[in-house]
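Have a look at the structure below, then the notes.
The values are calculated or read from the model by the stated rules, or taken from the named source; none is laboratory data. Just so you know, these numbers come straight off a predicted model, no measurement behind them. Methodologically, a virtual Cβ is constructed for each residue, glycine included, from the backbone with ideal geometry; neighbour enumeration extends over all protein chains shown. Surface areas here come from the heavy atoms of the whole protein model, side chains and all, with no ligands, DNA or RNA. Shrake-Rupley method; radii C 1.70, N 1.55, O 1.52, S 1.80 Å.
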Amino acid sequence: MKTLYLRISITIIVVMLASSVTSFLLANVYYQYSLKPYNDQKITHMAEDIVDFYEENPEVRLDQYLNHVGDLGYQIYLVDASGKGVAYGGAFRDQTLSDKVIEQVLTGNVYHGIRELDSKFYITGFFDNALENSIGMPMVIGDEPHALFLRPNIEQQFGELRVFFAKILVMTLILSVLFALISTVYVVKPIRKLTEATKRIARGQYRIQLNVRRKDELGQLASHFTQMAKGLEQLEAMRQEFVSNVSHEIQSPLASIQGFAETLRTGKLPPEQQEHYLAIIAEESRRMSQLSKQLLTLASLDKEEEVIEKSKFDLAEQIKQVVFMTEWSWREKDIVIEMELPSTLIYADKKLLHQVWVNLITNSIKFTGEGGTIAVSLHPQENGLQVKVWDTGIGISEEDLPNIFHRFYKGDKARNREGGSSGLGLAIVHKIVELHDGHIDVKSKLGEGTTFTIWLPRL
């Protein structure tokens, strides 16, 4: 299996080699179409100057003169009319030259071998040490036509520099590969940490802190991964708490039912006490039934879009029906009900919103004392509508407010048994409102009452 480190290293090295080859090819193209004509022109001027100087100063000894020019870094080949040639300066690797070219120069024409010579692939003509790769200039010596062929002596002019540049190139390649391998370690290291972190998460270890001090994409990935791990840890804690709460909620009524049933089996209780115990068993059974229904409701709500069945209906009429349905409960406690419910059409899930009003209004009735007040109002707005359920009940403490929509949370722990609350009612309300793209807010003070404000879109 190829590791990411190996893949990145190979990729970098391949890119370096490809870049080097491409650069070399482009350099050859640049030489062929730009530098080659320039070099041809420059060496042609040099050959003209050499010939002009000798022809203007015929008293100069030709051999000494051409040897001095050769010592300055040039290769010279002088051919007389009979075709005999003499070399000065450095030797040519290939001294082959066609008679046609020699005859052309002897007759007074300039030979542009540097410009016209076809260089082989991958070899720049400037470094081709052949007599054909030179400038041929006609020259008159003692009234006899001669042909002077000239080219730079690359070995002499760039000998040491060529070795120096070759060493630099080799060192550059070696160091580039070495630094590429080292830099790849730096790139891959945080990914290895992420891989190890995923293995820990797979084993159920969610407390992970990745100390990746980077501002690039890998740093952002590490930061998001850490946040994801924290989210998973919270989700796991919530799952365990949920299982624990469900177990507790089921175990409590089961224990009561079992205990009272065992007591009734003795047959030694008076009829009044038997009736009392049977009533407790019936109440605990009802609580278990209600709990199971609420758990099923939450499970179906978690499927989100699958449970939404929207239709158009009058929201005010629905809320009034809930108020009238609970009339016996609020009349028994002599609670005053105030309603401000103008007719308002809404496109929503009628069954789910009915559950919202039932939960909120029954909660208000449950925690509002005798002679208290409950107010329900509906206010149409530009893009939606606002429903308020307000009461003068016992209120909610400031520390409990942020948690009241959590599943199984019970702020009124002293009364949770008496009220028969499972701690799921407000969680269901919150979920239903969210599914309708709305939001719910709550304000409350202990001893003064509570106000729930729900905003819902109309369409």
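Looking only at region 325-367, count every residue that is hydrophobic (A, V, I, L, M, F, W, C) and either assigned to a strand (DSSP E or B) or touching a residue at least 60 places away in the same chain (Cβ under 8 Å) (or both) and tell me the total.
Result for region 325-367: 11.
Considering only region 207-230, I want to know if a residue exists there that is surrounded by 13 or more Cβ atoms within 10 Å (Cβ to Cβ), at pLDDT 70 or above and assigned to a loop (DSSP other than H, G, I, E, B).
yes
Please verify whether region 11-33 includes one or more residues that are in contact (Cβ under 8 Å) with a residue 24 or more places away in the chain and open to solvent by 70 Å² or more (accessible area, probe 1.4 Å).
yes
State whether one or more residues within region 443-450 are assigned to a strand (DSSP E or B), under 15 Å from Thr362 (Cα atoms) and either modelled with pLDDT of 85 or more or in contact with a Lys or Arg (Cβ under 7 Å, 6 or more places away or on another chain) (or both). Reasoning before the result, please.
Filtering region 443-450 down to residues assigned to a strand (DSSP E or B) leaves 443-445, 449-450.
Those left that are additionally under 15 Å from Thr362 (Cα atoms): 449-450.
Narrowing the set further to residues that are either modelled with pLDDT of 85 or more or in contact with a Lys or Arg (Cβ under 7 Å, 6 or more places away or on another chain) (or both) leaves 449-450.
Yes, the conditions are met somewhere in region 443-450.
When residues of region 289-323 are filtered for being modelled with pLDDT of 90 or more, farther than 15 Å from Leu360 by Cβ and part of a helix (DSSP H, G or I), how many remain?
2
So which residues in region 389-440 are at pLDDT 85 or above, closer than 24 Å to Ser289 by Cβ and open to solvent by 30 Å² or more (accessible area, probe 1.4 Å), if there are any at all?
His430, Lys431 - these are the residues of region 389-440 that are at pLDDT 85 or above, closer than 24 Å to Ser289 by Cβ and open to solvent by 30 Å² or more (accessible area, probe 1.4 Å).
Each row is one residue, and each column tells you yes or no for (1) surrounded by fewer than 10 Cβ atoms within 10 Å (Cβ to Cβ); (2) touching a residue at least 12 places away in the same chain (Cβ under 8 Å).
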residue: Asn57; (1), (2): yes, no
residue: Val60; (1), (2): no, no
residue: His68; (1), (2): no, no
residue: Val79; (1), (2): no, yes
residue: Tyr88; (1), (2): no, yes
residue: Leu97; (1), (2): no, yes
residue: Leu106; (1), (2): no, yes
residue: Arg115; (1), (2): no, yes
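Among the residues of region 345-368, which ones are modelled with pLDDT under 90 and in contact with a Lys or Arg (Cβ under 8 Å, 6 or more places away or on another chain)?
Asp349
Considering only region 323-364, state which residues are under 20 Å from Thr392 (Cα atoms), surrounded by 11 or more Cβ atoms within 10 Å (Cβ to Cβ) and hydrophobic (A, V, I, L, M, F, W, C).
Val323, Trp330, Ile335, Val336, Ile337, Met339, Leu341, Val356, Trp357, Val358, Leu360, Ile361
Does any residue in region 145-167 that is surrounded by 13 or more Cβ atoms within 10 Å (Cβ to Cβ) and at pLDDT below 85 come within less than 7 Å, Cβ to Cβ, of a residue that is in a helix (DSSP H, G or I) and not small (Gly, Ala, Ser) six or more places away or on a different chain, and which pairs are these?
Once the first residue is surrounded by 13 or more Cβ atoms within 10 Å (Cβ to Cβ) and at pLDDT below 85 and sits in region 145-167, its partners that are in a helix (DSSP H, G or I) and not small (Gly, Ala, Ser) give Ile154/Phe127.
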